[in-house]
Amino acid sequence: MIDQYVESASTYAGDIDNVILLILAIVGFWFLLAQAVFFGLIFKFKARPNVKAQYVSGEKPHEKRWVALPHYATLVFDVLIIVMAIKVWHEVKINLPEANSTVRVIAQQWAWTFVHPGPDNKLDTADDITTVDELHVELNKTYHFELTSRDVLHSFSVPVFRLKQDAIPGRIIKGWFKPTQTGQFDIQCTEICGIGHGIMPARIVIETEAAHRLWNQANAPKLADAAPTTPPTSAGGMP
Amino acid sequence: MSDTAHAPAAPGSHAVAHASHPDSFYVKIWGVLLVLLVVSVVGPELGIRVVTLFTAFGIAVVKAYLVIKNFMHLGVEKKYVAYLLLTMLALMVVMVGGVGPDVLRHQGTNWDNVAAKKAVEAGLKAGGGHGEHGADHGAPAPGAASPGEAH
Amino acid sequence: MPTGRLAVWWLIASEIVIFGGVLGAYLMHRLGHPEWANQSMHTSTWKGALNTFILLTSSLSAVLAHNAASRGDGKRAAKLLWATIGGGAAFLVVKSFEWTAEIKAGYTISSNTFWSFYYTAAGIHGLHVIAGMIVMMFVAADAAKGKELQRVENAGLYWHFVDLVWIFLFPLLYIAK
Amino acid sequence: MSTAAHADHGHDHAHAHHEPGFVEKYLWSTDHKMIAMQYLFTGMAMALVGGFTVYAFRMQLAFPGMSVPGYGRVTATDYNALVTTHGSVMIFWVAMPVLIAALGNYLIPLMIGCDDMVFPRLNRLSYQLFLISAIILVASFYVPGGAFGGAWTSYPPLSAKAEYSLTGLGSSMWLFAVALEFAAFLLGGINFVTTVMNSRAPGMKMFDVPIVVWMIIIASILFMASVGPLIAGAIMLMFDQQLGTGFFDPAKGGDPVLWQHLFWFFGHPEVYVVLLPAMGIVAEIITVFSRKKLFAYKTVLYTAIGTGVLSFFVWAHHQFIAGIDPRMANVFSVTTLLISIPVAEMVFVYIGTLYGGSIRLTTPMLWALAFIAEFLLGGVTGIFLGASGADIYFHDTYFVVAHFHYTFFPIAFIGSFAAITYWFPKMFGKMMNETWGKVHFWGTIIPFNFIFIPLFLLGIRGDHRRIYDYRHFPDLMKAGMQDLRILATISLLVLLAFQVVFLVNFFVSLFRGPKAPMNPWNANTLEWQAPSPPPHGNFPQGLPNVYRGPYEYSHPDRKDDYWPQTEPASEPAKT
């Protein structure tokens, strides 16, 4: 359902969409049923002259059953939803698959700094590529990200990945994604972070292997002037 | 909920309503509390961790029990008051239980509180010696603003 | 149960969660920060112990006041309440000497998170001491005239609770080093 | 039980031996009904503040950069302050005072058959603290730097440091106002609980207490039990702001996540604090207007208590992606979905109550039914957010905004309108105009859905919250998205315009309405056995005795389809 509106560009985007779809199907059915019963009762039992309302205490077992049965149904469907949701949660947030590469994401008021590992695919080396508000990743490669913030809370959200994680100053939070579609998409800050919260957009650029190699070569700092242009530890509480 | 000021009686030796305790009874309780206070101050001086914990916090619980039972007369109060107070305490346990994994611990699944770890490390290093601590008070604990040597 | 006493119990219940919030937060930080031992060693155990003694004793006079009031002896209840108020005042005097010494030594509320908790927890408790003293002044004035004797017990209950909080603050802030 | 209480507080308020002056009657009163009116009118005034802020920032969203008529250009700073104020005002200064304080104060003594609260002066103090807090909040708009703009959750470090928020004074005023408001409601809650425990009319047993009173009591207890840590947190945050401490500052050894926990440990029970009284109001109204006994009184009560207890175990679902340990999210996901069971059960019970009834679609009944219909949508969309896997996508999008407005709007407004239209005859002794009441009803309900259904769609498309201008995000300006924003804003304007109908109807009925009889709806509960409006002391013919539960409608042994709680069983049925 979601992918009709927002592209699905990561391996787990489809799984999250499926959980949402499952919940939609379950609660949608019960919602419509409850509304149908509700409006049906209102029309059926509208006041008519000389018809007295029934006296039902709702305390007798056969009356209580009408509440108890939907109650058990709710429990069963709750369990189903919990199982599906937690499965996806583990996939996205708890289990990190082996990474091909790691990027560092540093949030601050009101910009994103992305540290790419560069041609040698290692962070904290001289050829790291640091960009502002633009993250370059390669198609079909598993990435880890290390997320932190320099000042207040921010949130790293990539809607096409269905990924969202708050950045907290003083903490490093790890996560992963694997892009499955090339293109340029929005990165949002989804945690209010001051007056510039609304002007904190960034873009993620997902490239093919060849294009990414070219970008790496074009942007990697020349080793001669590497030291001044690549601060290995900017003031982000990063290693 | 009845009109009577106090529950009729608790079983056993407290069958008498609390108000009829003579003054000397409360003085005795006070004496016990003072003895406990002395123990709780002296105990930690021994420097044994278990003894410290027991004398400091175990005795605090005993003191609290004595005050609640005898001075606040909870023993002869309506039962629901005790349940109410215990519920509030239980809620605090729930809160600490829910918050602890994030705040008490400094790392967990896929996250690492580097600022707190650095603060611990720097604090322990600075506090190695005893005595001249007037000097290090002003220095702010290092944190996220200055990058760490985390891994 | 008389309405006044019932209300005091509910008040105490809601105060438990307020102190529970501060102390729970402190406890979690304290357990995660072993280096705070280097700060807490600068608190004065004997001043804390003295204050514990003062509060325990004022609790005794509060419960004796209640005993007097339940015998209908308003005059004695009022005297004992004033003794309790005196205990509260003595507590505050000790506290102010203690804080003055610590601030002079450079340990202020913003030096370090341990000291922030130290001043905040003890400060909130101190405000409760002051509030209890003010309430007891009104109750004592009435009791001396033989009026509203049931309030002696209610004020006493609140005072015992303030004492209880201190019983836990003392080991948390002073003894655990 | 009542004797002790009455003896205890008899001295607290002189029983009007002299004619009180204007100030004493309207501003310094200790009468629970007058204090209820003070809360009601303050709440209505604050609703206008909250409505004005939403008008200004929705206009900015639909027509970015325009000069909003009556406000001017909404800058990024203004936008944040407006959003923050809207959230805090609607929850703390509208929903809480109207649903709990105003209705609690008005209904509790009348419905349990006593002459006043047990602590009338405490009650007055509670209102005064509340009024001061409201004034401080509004005043924060006029201080240098402007009002606080860090959202109603006030997460540090943004809220803790002026260099981040740029509203040093505004942040502190906001925080102080909120803390003061909590203190006011703590005092009020203690008063409610002790009153109901000690001052019930003779014969009124536990299960004879009307559900709305039970709900207000459970809500007050929930509030008391949950707000403590946040009061402590507010003091700590205030020290962070003003004294330079570092409780929530990682650079000083603190932890910003702690505040989130303290906030939501209160914040989630708070949802039920306002939900339960609204549920109680609906229970009263649907029984009266379907002439039915409440289906399974005890079940309603137990589910309410169950909801209250469970609500203390679910708070961290607000923080799934906020940096808590992801394993804890599993625990909170389970508890969150479990809380759907008692809440759903309550709704089933209300639907069950309609069965076999004789339903009269009066204005209050329309509101009560609309509450159920709209709240259902709010409830089921909560499942998406409580399920951790789905929440990754929906967190902090407009889906969340739409979800909680589908719960809070029914609670704060539909519930309040139901209560006001239902108890108006008792409160003011005048009948409200039904026709205009229905015009207002449809003029509110229809645009309400046209505001928030588009917001659900925007949330699904990835619109995130608290953004003052979406033109910075190319993916959020795709075809049709701005149209949805404009649709929501236009619907809001329609909804706001129809509130004028309510205000006019309210005040015209208040001064010119036909006189209300004592029991215009043929209801059972005790307040309808007092004159309309009740005088000081409530029951001039003497405090009532209670002989039965509150929902004995259409009893087969009786000719009348109602059976007041005060009518002795032995007397022959009235004809």
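Odds and ends about this structure:
- Within the option set C:Trp99, C:Trp46, being among the aromatic types (Phe, Trp, Tyr), under 30 Å from D:Val227 (Cβ atoms) and either in contact (Cβ under 8 Å) with a residue 12 or more places away in the chain or facing another protein chain (nearest Cβ under 10 Å) (or both) holds for one residue only, C:Trp99.
- Count - residues of the stretch D:261-309 that are within 16 Å of D:Ile339 (Cβ to Cβ), away from chain A (no Cβ under 11 Å) and among the β-branched types (Val, Ile, Thr): 6
- Residue in the stretch A:70-83 that is more than 7 Å from chain D (Cβ to nearest Cβ) and more than 31 Å from the chain's Cα centre (by Cα) present: yes
- Residue that is surrounded by the most Cβ atoms within 10 Å (Cβ to Cβ), among those in the stretch D:455-480 that are more than 9 Å from chain A (Cβ to nearest Cβ) and part of a helix (DSSP H, G or I): D:Leu458
- Residues satisfying the criterion are absent from the stretch A:189-197 (criterion: facing another protein chain (nearest Cβ under 9 Å), among the charged types (D, E, K, R) and either at positive phi or in a strand (DSSP E or B) (or both)).
- Flag for D:Thr362 being surrounded by fewer than 24 Cβ atoms within 10 Å (Cβ to Cβ) and either more than 8 Å from every other protein chain (Cβ to nearest Cβ) or small (Gly, Ala, Ser) (or both): yes
- For D:Gly323, the conditions (1) out of contact with any strand residue (DSSP E or B) (no Cβ under 8 Å at 6 or more places or on another chain); (2) crowded, with 24+ Cβ neighbours inside 10 Å are fulfilled apart from (1).
- Subset of the stretch D:310-320 that is within 9 Å of chain B (Cβ to nearest Cβ) and not aromatic (Phe, Trp, Tyr) - its residue that is surrounded by the fewest Cβ atoms within 10 Å (Cβ to Cβ): D:Gln319
- Residue within the stretch D:88-104 that is within 14 Å of another protein chain (Cβ to nearest Cβ) and either assigned to a helix (DSSP H, G or I) or buried (at least 19 other Cβ atoms within 10 Å of the Cβ) (or both) present: yes
- Residue match in the stretch D:231-240 (condition: surrounded by fewer than 23 Cβ atoms within 10 Å (Cβ to Cβ), modelled with pLDDT under 95, among the aliphatic types (A, V, I, L, M) and in a helix (DSSP H, G or I)): no
This table checks each residue for (1) among the β-branched types (Val, Ile, Thr); (2) within 27 Å of D:Ala488 (Cβ to Cβ).
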| residue | (1), (2) |
| --- | --- |
| D:Ile35 | yes, no |
| D:Ala47 | no, yes |
| D:Phe63 | no, yes |
| D:Asp78 | no, yes |
| D:Leu103 | no, no |
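- Residue within the stretch A:35-42 that is closer than 24 Å to D:Lys478 by Cβ, more than 7 Å from chain D (Cβ to nearest Cβ) and surrounded by fewer than 14 Cβ atoms within 10 Å (Cβ to Cβ) present: no
- Criterion: within 20 Å of the chain's Cα centre (by Cα) and either over 19 Å from B:Val94 (Cα atoms) or outside any helix (DSSP H, G or I) (or both) - qualifying residue of D:Thr307, D:Thr299, D:Thr303, D:Thr353: D:Thr303
- Extreme residue, farthest from the other protein chains (Cβ to nearest Cβ), among residues of the stretch D:183-237 that are among the β-branched types (Val, Ile, Thr) and more than 22 Å from C:Trp9 (Cα to Cα): D:Val212
- Test result for D:Val334, free of Cβ contacts under 8 Å to residues at least 40 places away in the same chain and either touching a helix residue (DSSP H, G or I) at 6+ places or on another chain (Cβ under 6 Å) or within 12 Å of chain B (Cβ to nearest Cβ) (or both): yes
- Residue in the stretch B:62-77 that is in contact with a helix residue (DSSP H, G or I) (Cβ under 8 Å, 6 or more places away or on another chain), more than 26 Å from C:Leu6 (Cβ to Cβ) and either outside any loop (DSSP other than H, G, I, E, B) or modelled with pLDDT under 90 (or both) present: yes
- Of all residues in the stretch D:186-205, those that are on the phi > 0 side of the Ramachandran plot have Cβ atoms under 8 Å from Cβ atoms of residues that are modelled with pLDDT under 95 and not β-branched (Val, Ile, Thr), 6 or more apart or on another chain, in D:Gly203/D:Asn545; D:Gly203/D:Tyr547.
- Condition check for A:Ala220: out of contact with any Gly (no Cβ under 8 Å at 6 or more places or on another chain) and either free of Cβ contacts under 8 Å to residues at least 24 places away in the same chain or of a type in the set (A, V, I, L, M, F, W, C) (or both): no
- Residues of the stretch D:328-350 satisfying the condition of being more than 22 Å from the chain's Cα centre (by Cα) and within 26 Å of A:Pro49 (Cβ to Cβ): none
- The number of residues in the stretch D:530-563 that are modelled with pLDDT under 90 and basic (Lys, Arg) comes to 2.
Residues checked against (1) within 14 Å of chain D (Cβ to nearest Cβ); (2) free of Cβ contacts under 8 Å to residues at least 40 places away in the same chain:
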position	(1), (2)
A:Asp120	no, yes
A:Asp127	no, no
A:Phe145	yes, no
A:His154	yes, no
A:Lys174	yes, no
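- Qualifying residue in the stretch D:433-450 (condition: within 30 Å of A:Ile2 (Cβ to Cβ), in contact (Cβ under 8 Å) with a residue 24 or more places away in the chain and among the basic types (Lys, Arg)): no
- Scanning the stretch C:133-175 for residues that are in contact with a helix residue (DSSP H, G or I) (Cβ under 6 Å, 6 or more places away or on another chain) and assigned to a loop (DSSP other than H, G, I, E, B), we see that the one that is nearest to C:Thr52 (Cα to Cα) is C:Leu149.
- Any hit, the stretch D:511-527, residues being buried (at least 18 other Cβ atoms within 10 Å of the Cβ), under 25 Å from D:Ser416 (Cα atoms) and of a type in the set (D, E, K, R): yes
- Take the conditions (1) surrounded by fewer than 23 Cβ atoms within 10 Å (Cβ to Cβ); (2) under 30 Å from A:Ser8 (Cβ atoms); D:Glu434 misses just one of them, which is (2).
- If you check D:Phe506, D:Phe539, D:Phe502 for being crowded, with 18+ Cβ neighbours inside 10 Å, touching a His at 6+ places or on another chain (Cβ under 6 Å) and either free of Cβ contacts under 8 Å to residues at least 40 places away in the same chain or of a type outside the set (D, E, K, R) (or both), only one passes: D:Phe502.
- Test: residue in the stretch D:402-413 that is within 14 Å of chain A (Cβ to nearest Cβ), under 26 Å from A:Phe156 (Cβ atoms) and either within 16 Å of the chain's Cα centre (by Cα) or not small (Gly, Ala, Ser) (or both): yes
The values are calculated or read from the model by the stated rules, or taken from the named source; none is laboratory data. Note that the structure is a prediction, hence the values are computed from the model and not measured. Cβ atoms come from the backbone with ideal geometry, glycine included; neighbour counts cover every protein chain shown.
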